[in-house]
Amino acid sequence: MAWKLLHFPNEKEVLSSSENLITVHSTDLKGDFVILGTGFPIVSSSTSILAITALHVIEEGYKKSLQASRTAKRGVMGFPGPSNLLYEQIGGWVRNTNDLKCSITIGKSIYVFNITGVCLRPPLDIAFMIIDASSIGEPIPVFAINSNPLTIGENVVVTSFVTSGNKRTLIGKVGEITAKSSTSRLVRAPHYATNIPIEKGASGGPVFRFQENFSGDKQVIGMISSDFSQ
């Protein structure tokens, strides 16, 4: 099948789809608000949220940050190792500044939270975020993870935001798995390719198993990312 835009059946479905998505943003060298990408929560308590995004989303915020530019040692991002100081600096930047934040839609309200910690997992383009959500005092909806393997030709759905400046528009797209890589020497995880085009700002967004009416429980089977490995 060719990929196609997915039409949300009603306002309730639009709210449901956007409620679970996280917009990651930061403050740049000029002190301006910058949208970096998308993320989604997987665990939530009355005080904190554990969420996933793409590593390069966090890296982009770090490179544009005023506080980071004052202290950063120059180098090349790469695999973990004793000389890889930049990833350690990113973690320190997140802990010691309020530059990295996120916005989450809960019901019909938008909340802004500080991201207080990150766990970066190269060579995967993946980052875990710790979000301070103590201001709302209760858990938020999280995504259900389905780790069952996919097959080539299976239909999948991407939901994310299309970014234009500081404006984000919710989109849904349906397509199919076009390729699958087996477990590599570096990572015990499958890598899928789809025929769904991805716009700026969608990095870190979830990929679902396709459901015909696109309603009910959404089973996340992957994340929009880049491949860091060879």
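Of the strands (runs of 3 or more DSSP E) lying entirely inside segment 20-68, those carrying at least 3 residues that are in contact with a helix residue (DSSP H, G or I) (Cβ under 8 Å, 6 or more places away or on another chain) and open to solvent by less than 50 Å² (accessible area, probe 1.4 Å) are 22-27, 33-44.
Taking segment 107-135, which residues are of a type in the set (A, V, I, L, M) and surrounded by fewer than 16 Cβ atoms within 10 Å (Cβ to Cβ)?
Going through segment 107-135, the residues of a type in the set (A, V, I, L, M) turn out to be 110, 112, 115, 118, 120, 124, 126-127, 129-131, 133.
Passing the criteria: Ile110, Val112.
Within segment 150-185, if we keep just the residues that are assigned to a loop (DSSP other than H, G, I, E, B) and modelled with pLDDT under 85, the residue that is most open to solvent (accessible area, probe 1.4 Å) turns out to be Arg185. The set of residues in segment 91-115 being free of Cβ contacts under 8 Å to residues at least 24 places away in the same chain and part of a strand (DSSP E or B) consists of Ser109, Ile110, Val112, Asn114. Scanning segment 80-103 turns up one or more residues that are surrounded by 22 or more Cβ atoms within 10 Å (Cβ to Cβ), modelled with pLDDT of 90 or more and under 18 Å from Ser160 (Cα atoms). Among the residues of segment 2-41, the ones that are over 27 Å from Tyr62 (Cβ atoms) and in contact with a strand residue (DSSP E or B) (Cβ under 7 Å, 6 or more places away or on another chain) come to 8 in all. Inside segment 118-149, residues that are outside any loop (DSSP other than H, G, I, E, B) and more than 15 Å from Ser44 (Cα to Cα) make up a count of 5.
The values are calculated or read from the model by the stated rules, or taken from the named source; none is laboratory data. Just so you know, these numbers come straight off a predicted model, no measurement behind them. Every residue, glycine as well, gets a Cβ built from its backbone with ideal geometry; the counts of neighbours run over all protein chains shown. Areas reflect the complete protein model, heavy atoms only, side chains present, ligands, DNA and RNA absent. Shrake-Rupley method; radii C 1.70, N 1.55, O 1.52, S 1.80 Å.
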